[in-house]
Amino acid sequence: MRASTHSQANNIVQPNSSPEIFILFLVLIVALFILTGLIGTSAIISKKLAHSDSNLKDITSALDASSIVAITDEKGIITFVNKRFIEISGYEEHELLGQNHNILNSGYHPSDFFKNLWKTIGSGEIWKGEIRNKAKNGSYYWVDTTIVPFLNRKGKPYQFVSIRSDITNRKLAEENVINTLKDIKDIKFALDQSSIVAITDQKGAITYVNDKFCEISKYSEEELIGQDHKLLNSNHHPKEFFKELWKTIGSGEVWKGEICNRAKDGSIYWVDTTIVPFLNEKGKPYQYIAIRTDITTRKKTKEQLKNALKEMTDFKFALDQSAIVAFTDEKGIITSVNDNFCEISKYSREELIGQDHRILNSGTHSKEFFKELWRTIGTGHVWKGEIQNRAKDGSIYWVDTTIVPFINENGKPYQYIAIRNDITERKRTEEIIHRQDKLAAVGQLAAGVAHEIRNPLTSMRGYTEFLSLDETDPQRKEFLDIILDEIERVNNIVEEFMVLAKPKAIELEEKNIIPVIKNVVSMLEFEARKRNVRLHLECQEEIIQVECDENRLKQVFLNFIKNGIEAMPNGGDLIVRTSINNQNVQISIQDTGVGISEEKLKKLGEPFYTTKKNGNGLGLMVSFKIIESHNGRVYVESELNKGTTFNILLPAKTA
């Protein structure tokens, strides 16, 4: 350009300027080529950069879609997080930027864990590992983490890129597997500690035994492995037993049962056995596990119990055949009775269960008697004694009783067994002997005075008959007849005295007892009115036939009714009832008088024992004797200040 400018300024063309122009054009051409090359290279580079940028975007997009990415500076301050980081952590982007990873610390890893992490990446090396983090909502998640340090020219990290993968489900699965394996180990340990375990192959050859198997069988592990269970066969079970066993487990089903085995030393032991088949993919057993429990002691105890129960059954049978048995609970409520109990009490089993023994109370024994009984058995001691009971039909019976308390672990009775024997006949015999002894004494006295009594009686009868010959007044005539009847009765009493002295057989004939009772009531109406006593006669039947001695029964009725009248000094009501119960005639003479105490009630009928001021006790004694001679019996019920009832039972004469 200088050459051109210089040429133009002088307007002279210098021929020697051509080389410079050539050089100039050459430079221009080279510059043009360089420029073209640069443009072409730039285009190629731009194209490569665009392609690289596209690849980078694809890689970044794929990384964002598949991984949890975060970038921190050299101090660990978060400068970038992707969407998956935000999603798994639960934090917003603005809550994370500027924080460090302590915001996610779950407290699971120790401080040394993070010290080692920072030591690794701080030295420019890549760190890989698994970290448990805590999300914003408090939930935990696991990430498989790779931390890559970016280094400057000096080789020092200026930032870190963390690439994580969510492995929470895998860790949970691993934890479950670990727990399952631990459970299996624990179960195996517990099984080995508590049970006898053996594993066999599909042919029954033993492949594993635990220590307890060796202990109970007395064989070592080496002696058992490779053998089958025939080694332990005690020959207790038939072949069919084992055929059925193999048929069951061979079809893939579990078998359960009790097996008697023989140990190496020849001793016998029993095992409660469960055999479980393990099936392959075709549903066929490839091995069996047998889990056993030693039940030798239980079997022996069971056998002993069986023998004891047999002995108990035999004993119970013998007891039921010979005794009257009842069980009650701790409160005395009847829970069980045998047939003998029902038979003697006349109650059915249904009527007795749930009741207490007061249903049988005859009123003979005092309250103190039963209090002492309960005090004895309530303290766990056995009580023995004789009890008089009343059956459902009103009859009285005696039982020799032993009551045994059953004691619980606290030493307190929880039930009682009462074993009784019927001693009614024995008591009657004792009573008869007792009375006969007393009657013998009375008889001796009666024999001595009978003659002296008859002499004045003869005079009294003579004069009374003489007076009645000239008597015209009907009422006076009636009174004289009553005197004669009474003299005759006294004479009969003298005869009874003679009977006491020298008993003689009485002659019984069939009579209707109702007119006899009515006659006696009529005879005593006058005396009753004098004492302000109202006599009542209640007869269910007009005809009741019995075999009796009429005069002697009349003597009994007179005696009992007069006693009832005299027992009511202030007047009252006296009721005579007749009824038929279970082929027995019952005559009840009930007053509303002063009553008789339990102590005195026991002595009634004894000679010379009386509850009256002017009595001698012979009347009741003779009356009881007469009823006994008629195959009957008398029982007395009384309560102080409420009255007394004399019950006479005589066998009825059936048509």
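Miscellaneous remarks
- The requirement of being open to solvent by less than 70 Å² (accessible area, probe 1.4 Å), in contact with a Lys or Arg (Cβ under 6 Å, 6 or more places away or on another chain) and either assigned to a strand (DSSP E or B) or under 30 Å from SER395 (Cβ atoms) (or both) is fulfilled somewhere in the range 262-271, by at least one residue.
- Here is the figure for the range 404-421: residues that are over 10 Å from GLY380 (Cα atoms) and of a type in the set (A, V, I, L, M, F, W, C) total 3.
- Screening GLU599, GLU542 for residues that are at pLDDT below 90, assigned to a helix (DSSP H, G or I) and among the acidic types (Asp, Glu) leaves exactly one candidate, GLU599.
- Condition check for MET523: within 22 Å of THR644 (Cβ to Cβ) and open to solvent by less than 20 Å² (accessible area, probe 1.4 Å): no
- Within the range 218-231, tally of residues that are aromatic (Phe, Trp, Tyr) and either in contact with a strand residue (DSSP E or B) (Cβ under 7 Å, 6 or more places away or on another chain) or open to solvent by 70 Å² or more (accessible area, probe 1.4 Å) (or both): 0
- Restricting attention to the range 156-196, the residues that are open to solvent by less than 40 Å² (accessible area, probe 1.4 Å) and within 21 Å of ILE77 (Cβ to Cβ) add up to 5.
- Considering the range 383-419, the residues that are under 15 Å from VAL325 (Cβ atoms) and hydrophobic (A, V, I, L, M, F, W, C) include one that is most open to solvent (accessible area, probe 1.4 Å), namely PHE406.
- Among the candidates GLU215, GLU253, the residue that is free of Cβ contacts under 8 Å to residues at least 40 places away in the same chain, out of contact with any Asp or Glu (no Cβ under 7 Å at 6 or more places or on another chain), more than 20 Å from GLN202 (Cα to Cα) and open to solvent by 90 Å² or more (accessible area, probe 1.4 Å) is uniquely GLU215.
- Qualifying positions in the range 360-381 - hydrophobic (A, V, I, L, M, F, W, C) and out of contact with any Ser or Thr (no Cβ under 8 Å at 6 or more places or on another chain): PHE369, PHE370, LEU373, TRP374, ILE377
- GLY593 satisfies every condition listed in (1) buried (at least 17 other Cβ atoms within 10 Å of the Cβ); (2) at pLDDT 85 or above; (3) out of contact with any strand residue (DSSP E or B) (no Cβ under 6 Å at 6 or more places or on another chain) except (3).
- Close pairs (6 angstrom Cβ cut-off, 6 or more residues apart or separate chains): at pLDDT 95 or above in the range 404-426, in a strand (DSSP E or B) and of a type in the set (Lys, Arg) anywhere: none
- Search result, residues across the range 131-155 that are closer than 18 Å to ILE71 by Cα and either open to solvent by 50 Å² or more (accessible area, probe 1.4 Å) or of a type in the set (Asp, Glu) (or both): ASP144, PHE150, LEU151, ASN152
- Some residue of the range 360-367 being under 19 Å from PRO413 (Cβ atoms) and aliphatic (A, V, I, L, M): no
- When ILE289 is tested against the conditions (1) within 22 Å of VAL197 (Cα to Cα); (2) of a type in the set (A, V, I, L, M); (3) free of Cβ contacts under 8 Å to residues at least 24 places away in the same chain, the lone failure is (3).
- Residues located in the range 361-396, provided they are of a type in the set (Phe, Trp, Tyr) and out of contact with any strand residue (DSSP E or B) (no Cβ under 6 Å at 6 or more places or on another chain): PHE369, PHE370, TRP374
- Filter result for ALA3 (over 30 Å from GLY124 (Cα atoms), surrounded by 10 or more Cβ atoms within 10 Å (Cβ to Cβ), among the hydrophobic types (A, V, I, L, M, F, W, C) and at pLDDT below 60): yes
Table: residues versus (1) touching a residue at least 40 places away in the same chain (Cβ under 8 Å); (2) assigned to a strand (DSSP E or B); (3) over 17 Å from HIS630 (Cα atoms); (4) in contact with a Phe, Trp or Tyr (Cβ under 7 Å, 6 or more places away or on another chain).
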site	(1), (2), (3), (4)
MET523	yes, no, yes, no
LEU553	yes, no, no, no
ILE565	yes, no, yes, no
MET568	no, no, yes, no
VAL576	yes, yes, yes, no
VAL585	yes, yes, no, no
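- Of the strands (runs of 3 or more DSSP E) entirely within the range 311-397, those holding at least 2 residues that are under 30 Å from LEU601 (Cα atoms) and in contact (Cβ under 8 Å) with a residue 12 or more places away in the chain occupy 324-329, 383-390.
- Just one of the listed residues (ILE39, ILE59) is among the β-branched types (Val, Ile, Thr), surrounded by 10 or more Cβ atoms within 10 Å (Cβ to Cβ), modelled with pLDDT under 60 and part of a helix (DSSP H, G or I), namely ILE59.
- Condition met for LYS119 (open to solvent by 60 Å² or more (accessible area, probe 1.4 Å) and in a helix (DSSP H, G or I)): yes
The values are calculated or read from the model by the stated rules, or taken from the named source; none is laboratory data. What you are looking at is a predicted structure, and each value in this text was computed from that prediction instead of being measured. When we count neighbours, we look across all protein chains shown, and the Cβ atoms used for this are built from the backbone with ideal geometry, even at glycine. Ligands, DNA and RNA are excluded from the accessible area calculation, which covers all protein heavy atoms including side chains. Shrake-Rupley method; radii C 1.70, N 1.55, O 1.52, S 1.80 Å.
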